[in-house]
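Visitor: Okay, handing you the structure first.
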Amino acid sequence: MKEYDPESGTYQNMEVDPETKEIRYGELNPNEDKIVYKFKQIKQWHLFSKWWFWVICAVVVIVPWAVVLGIHLVSSEEVKEKEQKVEKLQMEVESLENQVDSLKADENAGTTAMGFQNDSIAYTTITEAEQDGHRIKIYGVYSGIPELYVCDSTEIDTNNKKIVFAARAADFGADEGRSIIADFVFKGEVRATGSRKKEGFCAIIDSNIILGAGRETEFLNRAKVDSGFFFRHIPLVINKTPIPSDITKKELRRALCSYKDEIVYIEGFDKMTITDFANLLADFGVTTAIYMVGSEGGKGFCRDREGQLHEWGDWTKKDNYKNVTYLIWKKK
């Protein structure tokens, strides 16, 4: 140990024990006449010997990794969820593609069997259902072009195989010329005007059918301008709501309907009032419907997928009136 320096109160060149790493220093004993050197050992302070040092280290090192790991796990779950959604969509697309392929295969088979060759396939499907205790028949046309057809002093030709569906459309009057009742447009040409309480309408524009009700409608003008078709009849269902009628006679009833985003033709097996028929259609799920010619005079026919002819109405009675109108679907 070096000599004590009374001016600075410290020892010159304090020593550190190379083995114990302790600092040695001396103290002045005031009770003695001479300076006596005493030595005290002081442990050197080590940061790594403190518990809180290791806690801080743990926090500094572990917490960031924990945050990174948490973000990774969350991201992994999101990626996994998105991958599952994509996989589900891919399965649904594959299922739809298989269904389309199956339908195409069936159509090709039908084409060969029916010998249509260069002509496009078009046919009518016929299904039956029961609603409110009454049986009904639903006709749906596949791949046909809708138009209006006007018979001039003759019946519609059921042998015309280009027509896959035909049903009486507008009413005609009791006058000698059998004029058409209410607004009627044929290929843009106005054949009749007026409503006569028949506020329901069917417009055919660019081969699309629009059903609705109203004395004023833009579709009447569009049919005129775009060489379309238009006729009116009694409204039965509008926006899923049945429309009551003051006609109380019970007859076989028929209607042109919007049902499950398709246009279908529905007829009942039982005689009923127009109001009862409207209620039945609404309960069945029809969104919009207008009346078509009913009873035995409402003649019509269709062809199914096999080309077989189906008729309704009284075809034994031969009419020879002018301006008898039909709604038809024909092959392309």
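The values are calculated or read from the model by the stated rules, or taken from the named source; none is laboratory data. None of these values were measured; they are calculated from a predicted model. Cβ coordinates were reconstructed from backbone atoms using ideal geometry, including for glycine residues, and neighbour counts include every protein chain displayed. Keep in mind that these areas ignore ligands, DNA and RNA; they rest on the heavy atoms of the full protein, side chains included. Shrake-Rupley method; radii C 1.70, N 1.55, O 1.52, S 1.80 Å.
Visitor: Is one or more of the residues making up the stretch 184-195 closer than 24 Å to Thr124 by Cα, open to solvent by 70 Å² or more (accessible area, probe 1.4 Å), not aliphatic (A, V, I, L, M) and not in a loop (DSSP other than H, G, I, E, B)?
Guide: no
Visitor: Please go through the stretch 288-304 and pick out each residue that is among the polar types (S, T, N, Q) and within 30 Å of the chain's Cα centre (by Cα).
Guide: The one that is among the polar types (S, T, N, Q) and within 30 Å of the chain's Cα centre (by Cα): Thr288.
Visitor: Suppose the filter is in a loop (DSSP other than H, G, I, E, B), among the hydroxyl-bearing types (Ser, Thr, Tyr) and either at pLDDT 95 or above or open to solvent by 70 Å² or more (accessible area, probe 1.4 Å) (or both); does Thr316 pass it?
Guide: On the way: in a loop (DSSP other than H, G, I, E, B): yes; among the hydroxyl-bearing types (Ser, Thr, Tyr): yes; either at pLDDT 95 or above or open to solvent by 70 Å² or more (accessible area, probe 1.4 Å) (or both): yes.
Here the answer is yes, as Thr316 does meet what is asked.
Visitor: Would you be able to say whether some residue in the stretch 218-228 is hydroxyl-bearing (Ser, Thr, Tyr), in a loop (DSSP other than H, G, I, E, B) and open to solvent by 70 Å² or more (accessible area, probe 1.4 Å)?
Guide: So far as the stretch 218-228 goes, yes, one or more of its residues are hydroxyl-bearing (Ser, Thr, Tyr), in a loop (DSSP other than H, G, I, E, B) and open to solvent by 70 Å² or more (accessible area, probe 1.4 Å).
Visitor: So how many residues does the stretch 263-275 have that are surrounded by fewer than 20 Cβ atoms within 10 Å (Cβ to Cβ) and not in a strand (DSSP E or B)?
Guide: Final tally of qualifying residues: 2.
Visitor: Follow-up question, since we're still on this one. Does Tyr139 count as closer than 28 Å to Arg191 by Cβ, touching a strand residue (DSSP E or B) at 6+ places or on another chain (Cβ under 9 Å) and open to solvent by less than 20 Å² (accessible area, probe 1.4 Å)?
Guide: yes
Visitor: Scan the stretch 162-178 and give yes if some residue there is farther than 26 Å from Gly140 by Cα and touching a helix residue (DSSP H, G or I) at 6+ places or on another chain (Cβ under 8 Å), otherwise no. Spell out how you get there, then give the answer.
Guide: Filtering the stretch 162-178 for residues farther than 26 Å from Gly140 by Cα gives 173-178.
Restricting the remaining residues to those that are touching a helix residue (DSSP H, G or I) at 6+ places or on another chain (Cβ under 8 Å) gives none.
Looking through the stretch 162-178, none of the residues is farther than 26 Å from Gly140 by Cα and touching a helix residue (DSSP H, G or I) at 6+ places or on another chain (Cβ under 8 Å).
Visitor: Could you grab me the full set of residues in the stretch 142-171 that are open to solvent by 60 Å² or more (accessible area, probe 1.4 Å) and of a type in the set (Ser, Thr, Tyr)?
Guide: Hits for the stretch 142-171 are Tyr142, Tyr149, Thr154.
Visitor: Got at least one residue in the stretch 199-209 being over 30 Å from the mean Cα position of the chain (by Cα) and surrounded by fewer than 20 Cβ atoms within 10 Å (Cβ to Cβ)?
Guide: Looking through the stretch 199-209, none of the residues is over 30 Å from the mean Cα position of the chain (by Cα) and surrounded by fewer than 20 Cβ atoms within 10 Å (Cβ to Cβ).
Visitor: For the subset of the stretch 211-228 comprising residues that are in contact (Cβ under 8 Å) with a residue 40 or more places away in the chain and under 29 Å from the mean Cα position of the chain (by Cα), which member is nearest to Lys198 (Cα to Cα)?
Guide: Looking at residues that are in contact (Cβ under 8 Å) with a residue 40 or more places away in the chain and under 29 Å from the mean Cα position of the chain (by Cα), I get Ala213.
Visitor: Please identify the pairs in which a residue from the stretch 120-134 that is charged (D, E, K, R) has its Cβ atom under 9 Å from the Cβ atom of a residue that is part of a strand (DSSP E or B), counting only partners at least 6 apart or on another chain.
Guide: Glu128/Arg135; Glu128/Ile136; Glu128/Lys137; Glu128/Ile138; Glu128/Phe269; Glu130/Ile136
Visitor: Restricting attention to the stretch 243-250, does a residue exist that is surrounded by 21 or more Cβ atoms within 10 Å (Cβ to Cβ) and either in contact (Cβ under 8 Å) with a residue 24 or more places away in the chain or closer than 28 Å to Leu281 by Cα (or both)? Steps first, answer last, please.
Guide: Here is the first cut: in the stretch 243-250, the ones surrounded by 21 or more Cβ atoms within 10 Å (Cβ to Cβ) are none.
No: the stretch 243-250 contains no residue that is surrounded by 21 or more Cβ atoms within 10 Å (Cβ to Cβ) and either in contact (Cβ under 8 Å) with a residue 24 or more places away in the chain or closer than 28 Å to Leu281 by Cα (or both).
Visitor: Condition (residue is under 34 Å from the mean Cα position of the chain (by Cα) and at pLDDT 90 or above) applied to the stretch 109-123: is it met by at least one residue?
Guide: So far as the stretch 109-123 goes, yes, one or more of its residues are under 34 Å from the mean Cα position of the chain (by Cα) and at pLDDT 90 or above.
Visitor: For the stretch 276-290: of the residues being outside any strand (DSSP E or B) and of a type in the set (A, V, I, L, M), which is most open to solvent (accessible area, probe 1.4 Å)?
Guide: Ala282
Visitor: Continuing with the same structure: What pairs come out if I take residues in the stretch 260-277 that are closer than 17 Å to Thr241 by Cα and pair them with residues that are hydroxyl-bearing (Ser, Thr, Tyr) whose C-beta lies under 7 Å away, six or more apart or interchain?
Guide: Thr273/Thr248; Ile274/Ser245; Ile274/Tyr291; Thr275/Ser245
Visitor: Turning to a different aspect of this structure: Test Gly297 against the criterion of being part of a loop (DSSP other than H, G, I, E, B) and either hydroxyl-bearing (Ser, Thr, Tyr) or out of contact with any helix residue (DSSP H, G or I) (no Cβ under 8 Å at 6 or more places or on another chain) (or both), and give yes or no.
Guide: So Gly297 passes the test.
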